[in-house]
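What follows draws every value from the coordinates through simple rules; no lab data is involved. All of these numbers come straight from a predicted model, not from anything done at the bench. Quick reminder, even Gly has a Cβ in these numbers, built from the backbone with ideal geometry, and neighbours come from all protein chains shown.
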Amino acid sequence: MAQSATLFSTSKKESRTLGLPKGTLLKWYDEMLLVRRFEEKAAQLYGMGKIGGFCHLYNGQEAISTGSIAALTADDYVITAYRDHGLALTRGLDPKACMAELLAKSTGITKGKGGSMHFFSKAKNFLGGHAIVGGHLPLAAGVAFAIKYRGEKKVCLCFMGDGATNIGEFHEALNLAALWKLPVVYIIENNKYSMGTSVERSSAVEDLSKKGLAYDMRTVVVDGMNVFEVYKAVSEAAERAKSTYEPTLLEIRTYRYRGHSMSDPIAGHYRTKEEVDSEKKNDPLSVLSDVLKSEKILNEEYLEIADKRIKKIIDEAVEFAEQSPEPPPEELYNDVYMPTKAEKD
Amino acid sequence: MAQSATLFSTSKKESRTLGLPKGTLLKWYDEMLLVRRFEEKAAQLYGMGKIGGFCHLYNGQEAISTGSIAALTADDYVITAYRDHGLALTRGLDPKACMAELLAKSTGITKGKGGSMHFFSKAKNFLGGHAIVGGHLPLAAGVAFAIKYRGEKKVCLCFMGDGATNIGEFHEALNLAALWKLPVVYIIENNKYSMGTSVERSSAVEDLSKKGLAYDMRTVVVDGMNVFEVYKAVSEAAERAKSTYEPTLLEIRTYRYRGHSMSDPIAGHYRTKEEVDSEKKNDPLSVLSDVLKSEKILNEEYLEIADKRIKKIIDEAVEFAEQSPEPPPEELYNDVYMPTKAEKD
Amino acid sequence: MPTVSLREALHQAMDEEMARDERVFLVGEEVAQYNGAYKVSQGLLQKWGPKRIVDTPIAESGFAGIGIGAAMVGLRPIVEFMTWNFSLVAFDQIVNNAAKMLSMSGGNFNVPIVFRGPGGAAHSLAATHSQALESLYAHFPGLKVVMPSNPKDAKGLLKTAIRDDNPVVFIESEMMYGEKGDIPEGEYTIPFGVGNVIREGSDVTIVSWSKVLQHVAVKAADQLANDGISVDLIDPRTIRPMDWELIFESVRKTNRLVIVEEGWPFAGVGAQISHEVSKNVFDYLDAPVERVTQEDVPLPYAHNLEVASLPSVEKVINAVNKVLYRE
Amino acid sequence: MPTVSLREALHQAMDEEMARDERVFLVGEEVAQYNGAYKVSQGLLQKWGPKRIVDTPIAESGFAGIGIGAAMVGLRPIVEFMTWNFSLVAFDQIVNNAAKMLSMSGGNFNVPIVFRGPGGAAHSLAATHSQALESLYAHFPGLKVVMPSNPKDAKGLLKTAIRDDNPVVFIESEMMYGEKGDIPEGEYTIPFGVGNVIREGSDVTIVSWSKVLQHVAVKAADQLANDGISVDLIDPRTIRPMDWELIFESVRKTNRLVIVEEGWPFAGVGAQISHEVSKNVFDYLDAPVERVTQEDVPLPYAHNLEVASLPSVEKVINAVNKVLYRE
Ligand SMILES: Cc1ncc(C[n+]2csc(CCOP(=O)(O)OP(=O)(O)O)c2C)c(N)n1
Ligand SMILES: Cc1ncc(C[n+]2csc(CCOP(=O)(O)OP(=O)(O)O)c2C)c(N)n1
Ligand SMILES: [Mg+2]
Ligand SMILES: [Mg+2]
């Protein structure tokens, strides 16, 4: 019952690169590589004890951040869960500020307040980074409510994991979004596991797209390892939200390369090394670079240069983070309440 | 996608009275009449200020309590929301104790602790009477969990209103019941309104049976004004739960004659008097008595006698309640904690 | 000065703020077409239309969260809970998403939202429907908690709450909706953190708020007055921020304190007041602080037990006699 | 006496009670196949099978409610919250369905259930994942609240909790799971409401529990001892019921009280202890009660701010100096 994206196949000349300009395609590759390298560096720094708390990496899911964000304008909104580095970087949050946040520095994206799970940027309409599973789903409907309230042509993308589809707020948020026709796109990043629990052990329907039927919500299943597929599906859903204020549910199938968080081994408890390795054969970066190679848009040499360019960005980010001061003690008492006129008079 | 009940049409000689013994059919009528009269009396006493708090009457929904409870054995469990008088009486809770509860007397079914919204009886496996919408849905799954845990051949019937299908616990409870295959039957008493809000204004799907699709749960739509239809559907679902431990979702369509609670007028705000009157033409008691008449199982004279018999039961219940003492002051401190061995040693 | 009911005062505050600021809207169960379960929003749908007066399904987490999300991007929602008891299914949204957003986002996003509705016991609504929950919400930094005791304060404080840039928990009383009082002509607001002296006195300080202030503490103060005991009766009006100085000042004068609250005793608001007073004006206290609270039990349905469980004039007078060492 | 970690002690308690009573089962996220997010249930699936060690989806209201329903009909569930922070989405189930069932049903149905998991801050988990919530749960009559500070107490109290016929909120500490201590050989239980004197002393009473007792209060007491100040250090072990007499007795002896808790100050457990002490042993107090709590802010991610926000040895020593009027 899950329909497949049609906007491009119908309204645009169909090609493996969707007729997108070369610059865009190369930018996509760079974005995905940046996320991949950022996460690898984060893992390394975590191992060195320079990053604390929980740290959930995005490796393997990079096609989703790039394909989704590419479908948005700067005015649109993005909100996600704690596995937020990839979407934040792709949305344009400064790698320096993101790295500084992981290192708990005052120059961090939230001044060291939120850490890995709580990236936020008002300037980029990036609404977090939320650590209570499902808790941000109603917020996304609220953002969409505001868009419609003001009669704006915007959309809110709300990302969640497969596990989040089993909590009550999923039901309440999707029912309200469909009932009130709110311009929100709910995106399930189905990486097959919620921590150590597979989809079939946590959801009565293994085909998560069936959950859209309870809300008569348009639902599409998407290959999350192919950035073009993600871009097509999210573009259509965003377009639809902006033109008709109708919500869409996307189940984007992907895979998490790392453990759930840094404390969780990559394989063993609940999945085999073989499974992880075979999933990696379908790596989103390779999928993209192979297309771009065969379309003669890039070559091996480009890849090497890109690698260096990204490495430099990461190194600079780390250096910036390392050299930044930790938050001053008085920072503890800031941002608890916003001083308001009401209180001052 | 909602399948219709088949157990009887297939496995039993089909007849308008399902081949049920005369005694059973007459008992059904008496049960439904008892509920109807009990509620009318409650409304009267509420008007006289003898009943306090919230009081949600069952008038119009009597075919559901009788048809459902008739499908159970004494070992099965029943749990519902605050609109609980009908199911409690039909399950066999003493009308005297129920009326005494409404009058807040020490002889009440919960000694005056719970009132109208919280009827309970351990002896009858009647697990309440719950006033937080949706809050009892997970409890029902828990009761079913215990049945399966012990390997018993029992079922738990869980009743809820149409409005309760929009709250998160509906989603969590049904997903868990389907995922774990628990012997519970979730019964939506769809009386078209949650307080003043119609189904189409509260649910993204007006056909509530669609909500079962998100859990691959067998779902049946039932005419709640026809006690035979209810009996057939619940019998099948109960049978299925006991033999396979599989849950079922029933959407039983009915209508509430009175206002939501005593403070809510019967019509005006959100529904017209015309609507109420036309719904009443399909009255569950008449539906049953008409069948029984045409089948020559009862006649006008029987109805008059039954009326008297039931009136007497109600009058005695009121008298018992009126004459019972209010709870003694020290009762306030009972039932807060259960004294346990653990604490005594 | 016009005389209006608490219900009308709250209605005026919402209506005036909606006229003043088009970002303000009201969302909740039965607030629109039904005109409010307790009629506080009577007529607002007609006046402001379905865009700004929004009925919801029964999904407290969902619509509380929708309010928070809308507030993050600049709207100013008023979220009505039919009663505060039902906020417990939206608890995480209020104490995590609303209370901590400004801090967790490092100042990126504030949440200008008002959660309002009636709290505490009404008549015979039994255990789940009769809870006074102010101490739970006041426990969380990031939230403000407001509990008006009369129409004037209710209007002025609700307008302040709607203009506040932080999440505000605004707890009313179903049993007071019909109670009338004078309010000033025209526009006014009342700042948070500024308490009110209801009765000036010298023998004993009583701190109380919301319904029990009017239904119990005031009556007790009057009876005590006939008895020659003068009560300094203080209404903090906002629980968080609390007007500590006003309370300390009073205790420095009377040297005796009784706190009257509707909630349960353990870790209630009164415990905090007792601690702060003992800590800050220790040397002025001539007697241990006494608290009158609900009995430490779930509230039963039966009226006689309900009355026995809740604070009463008699309990307050006994407490006052205790701190005055009178028989 | 065997020496075991807190984790092992809790594991033993569950394992022994499951052997003793087949009605006991464990349900929660990752408790079975994953052996527990913090490995408290390590090996239990292998030993007891999937019928009694049950993995759940992320649906805290759902599985907490399943536990309550199962308990109503005679099973004895242990519901594990991966951390107590996540209990906030199941709050209504715990404080209404579990806490009030016995009372609302007029004694028809009791709820013998244990809700357990780690509470409080670990390391840099930020605002939503670092909450010490004991005061919220202790506020509700019908619940018992247990907070062990060492392996011996943890095992004995958890066994008592599992055998208790009422809902028990059992709050552990992630940061103590690996900490070792001696436990008695074989079968034992520890009753609720009986506190423990950790250090005998005469100059000042310190009341503290769980992690901050071991990580902060004990260290402070030792430093103070070197400084010639003898601390009577009390671990109530259960917050509700509270061993009031033990605390009063100590204050009658030392005339001074400092309460050290991890939670926020406003209407915290410490406020209740401060009030009860002031009220019941007023004449014995030579100084106002001091409290050391978390700062009144959401806990930030940055380690230096986290440390600055939480109770510390230095803060406790300052508080002790205050009640002793020392510089
Ligand atoms: C309400 C709640 N319960 C439990 C947790 C602990 N927890 C954090 S992430 C997680 C798994 C989520 O899995 P999924 O939604 O699939 O997202 P993914 O990690 O795969 O991206 C759990 C159980 C939580 N943060 N919030
Ligand atoms: C969580 C919660 N929110 C709101 C309420 C107030 N309330 C009580 S009954 C009701 C309507 C329920 O309608 P429905 O589920 O259709 O049951 P019906 O009354 O029609 O039998 C509402 C909103 C409540 N009791 N619990
Ligand atoms: Mg996942
Ligand atoms: Mg209904």
Everything considered on the Cα gyration tensor (a ≥ b ≥ c; rounded for a/c under 1.5, else prolate if a/b is larger than b/c, else oblate), the protein assembly as shown must be described as rounded
Per principal axis, largest first, the Cα atoms of the stretch B:97-173 extend in Å by 36, 32, 15
Expected response for nearest chain A Cβ to the A-B rotation axis, distance in whole Å, is A:G168, 1
For A:K22, the aspartates and glutamates lying under 13 Å Cα to Cα, once residues fewer than eight places off in the same chain are dropped, come out as A:D30, A:E295
In this structure, the FRET efficiency calculated for A:L26 and A:E316 from their beta-carbon separation, with R0 = 22 Å, to the nearest 0.05, is 0.60
Plugging the Cβ-Cβ distance of D:K47 and D:E187 into 1/(1 + (r/R0)^6) at R0 = 25 Å yields, to the nearest 0.05, a FRET efficiency of 0.85
Cα-based Debye curve of chain A sampled at q = 0.10, 0.12 Å⁻¹ gives log₁₀ I(q)/I(0) of -0.59, -0.87
Expected vector for the stretch C:232-249, Karplus 3J(HN,Hα) from phi with 6.51, -1.76, 1.60 and θ = phi - 60°, integer Hz, x for Gly and Pro, equals 8, 9, 10, 10, x, 6, 10, 7, 9, x, 9, 7, 4, 4, 4, 5, 4, 4
FRET efficiency (A:T73, D:V307; Cβ distance; R0 60 Å; to 0.05) is 0.90
Here D for the stretch C:52-184, in µm²/s, from Stokes-Einstein with a Kirkwood Rh over Cα pairs at 10 °C and 1.306 mPa s, works out to 105
Summing -39500 (n - 2.57) over every DSSP H run of at least 4 residues in chain A and dividing by its residue count gives a helix-only mean residue ellipticity at 222 nm, to the nearest 500 deg cm²/dmol, of -13000 deg cm²/dmol
Residue-normalised 222 nm signal for chain D, counting each DSSP H run of n ≥ 4 as -39,500 (n - 2.57), nearest 500 deg cm²/dmol, is -9500 deg cm²/dmol
At the level of C-alpha centres, the distance separating the stretch A:182-232 and the stretch D:250-273, in angstrom, is 50
Copies of B:S106 compared via label points 7 Å along Cα→Cβ give distances in nm, shortest first, of 7.0
Heads up, chain D by the C-alpha gyration tensor (a ≥ b ≥ c square roots of eigenvalues; a/c under 1.5 rounded, else a/b over b/c prolate, else oblate) looks prolate
Computed about the Cα centre, the charge dipole of the stretch D:9-57 from +1 Lys/Arg and -1 Asp/Glu charges at the Cβ has a magnitude in debye, to the nearest 20, of 100
One would report the antiparallel percent of DSSP beta bridges in the stretch A:83-242, rounded to the nearest 5, as 35
Expressed as a percent, the portion of alpha-carbon pairs in the stretch A:182-314 spaced more than 22 Å apart is 54
Pairs over 23 Å Cα to Cα, from A:K27/A:K232; B:K232/B:K293; C:K253/D:K279; A:K122/A:K232; A:K27/A:K148; B:K111/B:K242, come to A:K122/A:K232; A:K27/A:K148; B:K111/B:K242
Ordering B:23-36, C:78-91, D:184-197, B:106-119 by per-residue average of other C-beta atoms within 10 angstrom, highest first, gives B:106-119, C:78-91, B:23-36, D:184-197
Sparse-neighbourhood loop hits (chymotrypsin sites (Phe, Trp or Tyr not before Pro), the stretch D:242-327; DSSP loop; Cβ within 10 Å at most 10 others) -> D:Y325
The relative contact order of chain B, taking Cα pairs under 8 Å that sit 6 or more residues apart, comes to a percentage of 24
Cα-only Rg/Rh for the stretch D:175-327 with Kirkwood Rh rounds to 0.97
For B:R83, the net charge from surrounding residues (Cβ-Cβ under 13 Å; K, R +1; D, E -1) works out to -4
Across D:232-243, the residue-averaged tally of Cβ atoms belonging to other chains within 10 Å stands at 1
Here the percent of antiparallel bridges among DSSP beta bridges lying wholly in chain D, to the nearest 5, is 20
Counting only DSSP beta bridges fully inside the protein assembly as shown, the antiparallel percentage to nearest 5 is 15
D (µm²/s, integer) via Stokes-Einstein for the stretch D:210-293, Kirkwood Rh across alpha-carbon pairs, 20 °C, 1.002 mPa s: value 162
Karplus-derived 3J(HN,Hα) from phi for the stretch C:132-137 (6.51 cos²θ - 1.76 cosθ + 1.60, θ = phi - 60°), whole Hz, x at Gly and Pro, runs 9, 10, 4, 5, 5, 6
Rounded to the nearest Å, the spacing of the alpha-carbon centers of the stretch B:164-180 and the stretch C:132-206 is 39
Taking the label point 7 Å from Cα along the Cα-Cβ vector, the copy-to-copy distances for A:T73, listed from shortest in nm with one decimal, are 6.7
Per the charge dipole of the stretch A:84-181 (beta-carbon charges, Lys/Arg positive, Asp/Glu negative, Cα centre), the residue among A:A123, A:L157, A:L87 reaching farthest to the positive end is A:A123
Inter-copy distances for B:D307, label 7 Å out on the Cα-Cβ vector, sorted ascending, nm, one decimal, are 9.3
Everything considered on the Cα gyration tensor (a ≥ b ≥ c; rounded for a/c under 1.5, else prolate if a/b is larger than b/c, else oblate), the stretch D:2-129 must be described as oblate
For D:K180, the lysines lying under 25 Å Cα to Cα, once residues fewer than eight places off in the same chain are dropped, come out as D:K39, D:K47, D:K152, D:K155, D:K159, D:K211, D:K219
Rounded to one decimal in nm, the spacing of the 7 Å Cα→Cβ label points at A:R16 and A:I305 is 2.2
Taking Cα pairs closer than 8 Å and at least 6 residues apart, the relative contact order of chain C in percent is 16
Here, C:N226 and D:N226, labelled 7 Å along Cα→Cβ, have an inter-label distance in nm of 6.6
